Amino acid sequence: MKRIPDEAIVLRGGRNRPEDIQRDIGTHPSGVTGISVECAIGLTIEELSTTIPHGQIDSTTVDKVREAGGEVIRTSGRSPYHATLTGLTPRQISSDALHLVFAEAGQVDIFLTTNDRLLKKQSKTKEY
């Protein structure tokens, strides 16, 4: 199986709270256990997100997932960009820190959240 390049974008749709992630963890028919994501190189976040049926997405890059101890493995799905994110706990995937990593990796101009806990933590560490 060909390794996905570090700079590939990884998108996950929906509310990514630990309980959401736990509910969505499954074993792909290929035997890989994790959560479904979209992953590609050479596409924008907007282009890659067209197959995600949720109004909310998180984005990161494969290298950031690997830095956190996880892996992104190409698996079949609804789109040619489907992959499975594996090797991270639901808390790691949904952590405040990972949301900020996703935002920074996606080079977002605006990070909008209603998470008061995250806002309090962020205001103490870095101003955007």
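Assuming LYS124 fulfils every condition listed in (1) surrounded by fewer than 18 Cβ atoms within 10 Å (Cβ to Cβ); (2) modelled with pLDDT of 80 or more; (3) of a type in the set (Lys, Arg) apart from one, which condition is it?
Failed condition: (2).
For VAL65, work out the one condition from (1) buried (at least 18 other Cβ atoms within 10 Å of the Cβ); (2) touching a residue at least 60 places away in the same chain (Cβ under 8 Å); (3) not hydroxyl-bearing (Ser, Thr, Tyr) it doesn't fulfil.
With (1) buried (at least 18 other Cβ atoms within 10 Å of the Cβ); (2) touching a residue at least 60 places away in the same chain (Cβ under 8 Å); (3) not hydroxyl-bearing (Ser, Thr, Tyr) applied to VAL65, the lone miss is (2).
Can we say GLU19 is surrounded by fewer than 14 Cβ atoms within 10 Å (Cβ to Cβ), in contact with a Pro (Cβ under 8 Å, 6 or more places away or on another chain) and either in contact (Cβ under 8 Å) with a residue 12 or more places away in the chain or of a type outside the set (D, E, K, R) (or both)?
Against the criterion (surrounded by fewer than 14 Cβ atoms within 10 Å (Cβ to Cβ), in contact with a Pro (Cβ under 8 Å, 6 or more places away or on another chain) and either in contact (Cβ under 8 Å) with a residue 12 or more places away in the chain or of a type outside the set (D, E, K, R) (or both)), GLU19 qualifies.
Could you tell me whether region 89-102 includes any residue that is at pLDDT 95 or above, buried (at least 19 other Cβ atoms within 10 Å of the Cβ) and either over 12 Å from the mean Cα position of the chain (by Cα) or β-branched (Val, Ile, Thr) (or both)?
Among the residues of region 89-102, not one is at pLDDT 95 or above, buried (at least 19 other Cβ atoms within 10 Å of the Cβ) and either over 12 Å from the mean Cα position of the chain (by Cα) or β-branched (Val, Ile, Thr) (or both), which makes the answer no.
Only one of ILE52, ILE41, ILE57 is free of Cβ contacts under 8 Å to residues at least 60 places away in the same chain, surrounded by fewer than 17 Cβ atoms within 10 Å (Cβ to Cβ) and among the hydrophobic types (A, V, I, L, M, F, W, C); which?
ILE41
Can you tell me which residues in region 22-38 are touching a residue at least 24 places away in the same chain (Cβ under 8 Å), within 18 Å of GLY70 (Cβ to Cβ) and of a type outside the set (Val, Ile, Thr)?
GLN22, HIS28, SER30, GLY34, SER36, GLU38, listed by residue number.
Within region 1-47, how many residues turn out to be hydrophobic (A, V, I, L, M, F, W, C) and under 13 Å from GLY77 (Cβ atoms)?
Residues meeting the conditions: 6.
The values are calculated or read from the model by the stated rules, or taken from the named source; none is laboratory data. Being a predicted model, the structure only gives us computed values, none of them experimental. For neighbour counting, all protein chains shown are included, and Cβ atoms are generated from backbone atoms with ideal geometry for every residue, glycine included.
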